[in-house]
There are 2 protein chains.
Amino acid sequence: MKIIIVFGGISFEHEISIVSAIAMKDVIKDELIYLFLDKNRDFYHIPTNIIKSRLFSLGEYTKYNKVYLSKKSFFTKGVFSNKTIDFDVVLNLSHGGDGEDGILSSLFEFYDIPYLAPRVEACSISSNKFLTKAYALSLNVKTITYKYYNKNDEVIINQYPIIIKPLRLGSSIGVSIVKNKDELEYALDIAYEFDNNVIIEPFIKGIKEYNLAGCKIKDEFHFSIVEEPQKVDFLDFDKKYLDFSRTSTATKADISANLEEKLKSNFKILYNELFEGSIIRCDFFVVEDDVYLNEINSIPGSMANYLFDDFSSLFKNLASNLPKKKQIPITYEYVNKIQASKGK
Amino acid sequence: MKIIIVFGGISFEHEISIVSAIAMKDVIKDELIYLFLDKNRDFYHIPTNIIKSRLFSLGEYTKYNKVYLSKKSFFTKGVFSNKTIDFDVVLNLSHGGDGEDGILSSLFEFYDIPYLAPRVEACSISSNKFLTKAYALSLNVKTITYKYYNKNDEVIINQYPIIIKPLRLGSSIGVSIVKNKDELEYALDIAYEFDNNVIIEPFIKGIKEYNLAGCKIKDEFHFSIVEEPQKVDFLDFDKKYLDFSRTSTATKADISANLEEKLKSNFKILYNELFEGSIIRCDFFVVEDDVYLNEINSIPGSMANYLFDDFSSLFKNLASNLPKKKQIPITYEYVNKIQASKGK
């Protein structure tokens, strides 16, 4: 199987996408073709054997071939003719903007390119924390209580500590824990640098957190192990950044079979049909044996490969069984009817 | 102002999009450039003076120039060089699939083309009835109670009549009112022809329905009149089809100032920041002075022009004040930090 990895994009998570993409070399056994999406939204084909993060920070990627998109294909332009890139499937590994907000998924839909990533509705739901909560609640999956503000709203907090998150970012960018009123304004300023809206939740110290990844293939769920992520107040960007390069297997959390089952059943409800075609990681909180959704990572760092026993086979299995779109017949039946009734 | 109207697309509402687009000739006073998106997702430039629905049903549109998309531009290919189309803004008038599901909006975002239409999150929310309800409820806007099913679920109904709707379609396509158990299976079959999921609501005969359109420009709302749509059990496709060509001014509903204010305040909450850049029509039900959201038409038929006093000016005003995306700096700060810490 020939796999195009699309990474980069106009995103606050552009850089961790590079790290994530490079990590795939160690975990996917099939042929990889790297397509970098730069800050001007130009694609470049980076040879797999020379890929390293410095290529991008130094701007050296521009030495390589520019790639264009057309129906069912990616191609490079030549003096006499264009050359198409031979591939089977695209893995969208652009975190945050472009990748997780539905732009790239829509682009691939439009050009009829098979891709492994959340479809556009799933992107909207998982990349916007307000919509994630609305979605979860309508499915009777619990979430932490929250308030939603925009830049011009007055923020009134009755009880500290709280956690402030920009509405749309992942990877803890712009997130602050606020212990008292004095810290509030600065934390809001930081969050509003990244988004015009924020979500504010109570910060529950020492809350148990568990991560579970998985996907559905032909109506059957495939789950990773459950991991209890390393406990710090919250994961700061540098720490997460390094996490995006993870390829070694994680340790299974020491939890009861009952709790594991609960986490899986919440995952199934959330994955639903909406996330078909993607491998996602759900981050849950557990309070007194009740499961709360924290967030849905629809393109998790390094694809959460480190949580799976055999990521490479799972990837290949899903890539070979991507969801099919309903066929829409375009018959002009009604236009013809109207024409007939007009006597034209 | 030069306005490109993009219409058609792979959609069950492909045909009504054609009717909608042609109606714009009568209501927008600026220069119109018609780009038709056909069932193969090829764009064609149809001369404004000859456009008529028969061109499409007879397949004659293929005689005209094929149009391609690239950064900030649409162009036609020539023997010696490509020719770009001069324009100021795109009006996305593709109803249903492609237009309202976020595909075209994403495409225009990707290629940095200014467009008047709902942004991708707004598309996901308004084109999926389950997500519309989840969104409305989280904003404390009432909706009719419902059940959500997929094709494999057993459907149990305690009380008739009910209304069955495919999850993702507009324009009443695939919608049935079911009066008793005998009619259930057939109605489900029809709905499942269009979507793998359905929403079932109680059907409330004689419920009052009111439509209100509007948009926000520079933090100020601009509303249409409130219309009470013509009362039939529900609007069937032929009836709606003709409605999509409406250009004559509608009659203002005879309602209290208090109810009008309630409808507007619900509209504002729903429009929020999510629908910036678009003119939408919200269809509300009113039961005992309580307002319920029925649906959000994010690209309403003929842009709901018939509800506005001066649609052409409103359009131009919004087109000149489209939302701007937050600038995202791509600095490689973290990649450089990691490089430094590695001593490379």
Notebook entry, point to check: In nm, what does the list of distances from residue A:154 to its counterparts in the other copies look like, shortest first, when each label sits 7 Å along Cα to Cβ?
Noted result: 5.5
Check: Quick one: label points 7 angstrom along Cα→Cβ at residue B:317, distances to the other copies in nm, smallest first?
Finding: 5.8
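Contact order normalised by length for chain B, with contacts defined as Cα pairs under 8 Å and 6 or more residues apart; what percent is it? Before the final figure, lay out the partial values.
Details: 655 pairs, mean separation 62.4, N = 344.
After rounding, I find 18 percent.
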Checklist line | Rounded to 5, the percent of DSSP beta bridges in the protein assembly as shown classed as antiparallel | finding: 75 percent
Check: Which FRET efficiency value, to the nearest 0.05, do you get for residue A:269 and residue A:66 by plugging their Cβ-Cβ distance into 1/(1 + (r/R0)^6) with R0 = 51 Å?
Finding: 0.75
Next item on the list: Would you mind listing the distances between the residue B:196 label point and the same position in each other copy? Use 7 Å along Cα-to-C-beta, nm, one decimal, shortest first.
Entry: 3.5
Next item on the list: For peptide A:103-112, compute the average count of partner chain beta-carbon atoms within 10 Å of each residue's beta-carbon.
Entry: 6
Next item on the list: From other protein chains only, count the Cβ atoms within 10 Å of every residue's Cβ in B:10-23, then give the mean.
Entry: 3
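Apply the Kirkwood formula to the protein assembly as shown: the hydrodynamic radius equals the inverse of the mean of 1/r over all pairs of different alpha-carbon atoms; give it in Å with one decimal.
This gives a value of 26.5 Å.
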Next item on the list: Between the alpha-carbon centers of the range A:134-192 and the range B:267-329, tell me the distance in whole angstrom.
Entry: 27 Å
Check: Mind checking the dipole of the range B:2-124: about its Cα centre, +1 per Lys or Arg Cβ, -1 per Asp or Glu Cβ, Debye to the nearest 20?
Finding: 520 debye
Check: About its Cα centre, what dipole magnitude does the range B:206-319 give when the only charges are +1 on Lys and Arg Cβ and -1 on Asp and Glu Cβ, stated in debye to the nearest 20?
Finding: 360 debye
Next item on the list: Can you find, among A:37, A:82, A:197, the residue farthest towards the positive end of the dipole of chain A? Put +1 on the C-beta of Lys and Arg, -1 on that of Asp and Glu.
Entry: A:82
Notebook entry, point to check: Of the listed peptides A:271-278, B:138-145, what is their order by residue-averaged count of other C-beta atoms within 10 Å, with the highest listed first?
Noted result: A:271-278, B:138-145
Next item on the list: Please arrange A:84, B:251, A:132 by counting, for each residue, the other beta carbons lying within 10 Å of its beta carbon, fewest first.
Entry: B:251, A:84, A:132
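What average number of partner chain Cβ atoms lie no more than 10 Å from the Cβ of the residues making up B:90-98?
Values: counts 0, 0, 0, 0, 0, 0, 1, 4, 4.
Mean shielding count: 1.
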Next item on the list: Please give the residues of the range B:148-162, grouped as numeric ranges, whose backbone N is less than 14 Å from a label point set 7 Å along the Cα-to-Cβ vector of residue B:177.
Entry: B:160-162
Next item on the list: Place a +1 charge on the Cβ of each Lys and Arg in the protein assembly as shown and a -1 charge on the Cβ of each Asp and Glu, then give the dipole magnitude about the Cα centre in debye, rounded to the nearest 20.
Entry: 2000 debye
Next item on the list: Provide the percentage of antiparallel DSSP beta bridges, counting only those with both residues in chain A; round to the nearest 5.
Entry: 75 percent
Next item on the list: Taking the dipole about the Cα centre of the range A:69-184, with the C-beta of Lys and Arg at +1 and of Asp and Glu at -1, give me whichever of A:132, A:97, A:70 is farthest to the positive side.
Entry: A:132
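List A:165, B:2 from most exposed to least, where exposure is judged by having the fewest other Cβ atoms within 10 Å. It would help to have the intermediate numbers written out before the result.
Numbers: A:165 24, B:2 12.
Ascending Cβ contact count within 10 Å gives the list B:2, A:165.
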Check: Rg and Dmax of chain A, Cα atoms, in Å?
Finding: 21.8, 75
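Quick check on the exposure proxy: order B:246, A:41 from fewest to most C-beta atoms within 10 angstrom. Write down the numbers at each step before the final one.
Working: B:246 19, A:41 16.
Exposure proxy ranking, most exposed first: A:41, B:246.
Using the Cβ atoms and a cut-off under 13 Å, what net charge is assigned to the surroundings of residue A:6, where Lys and Arg are +1 and Asp and Glu are -1?
Net local charge, residue A:6 excluded: -3.
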Item checked: Spin-label model distance (nm) - residue A:29 vs residue A:287, 7 Å beyond Cα toward Cβ -> 4.5 nm
Margin query: Suppose R0 equals 41 Å. What FRET efficiency, 1/(1 + (r/R0)^6) with r the Cβ-Cβ distance, do residue B:339 and residue A:258 give to the nearest 0.05?
Written below: 0.35
Checklist line | Cα gyration tensor shape of the range A:2-117, rounded if a/c is under 1.5, else prolate or oblate by comparing a/b with b/c | finding: rounded
Next item on the list: Describe numerically, in nm with one decimal, the distance between label points set 7 Å from Cα along Cα→Cβ at residue B:112 and at residue A:80.
Entry: 3.4 nm
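Every number here is computed from the coordinates shown, using simple stated rules; none is lab data. As the structure is a prediction and not an experimental result, all values here were calculated from the model. Cβ sites come from the backbone with ideal geometry, for glycine too, and all protein chains shown count toward neighbours.
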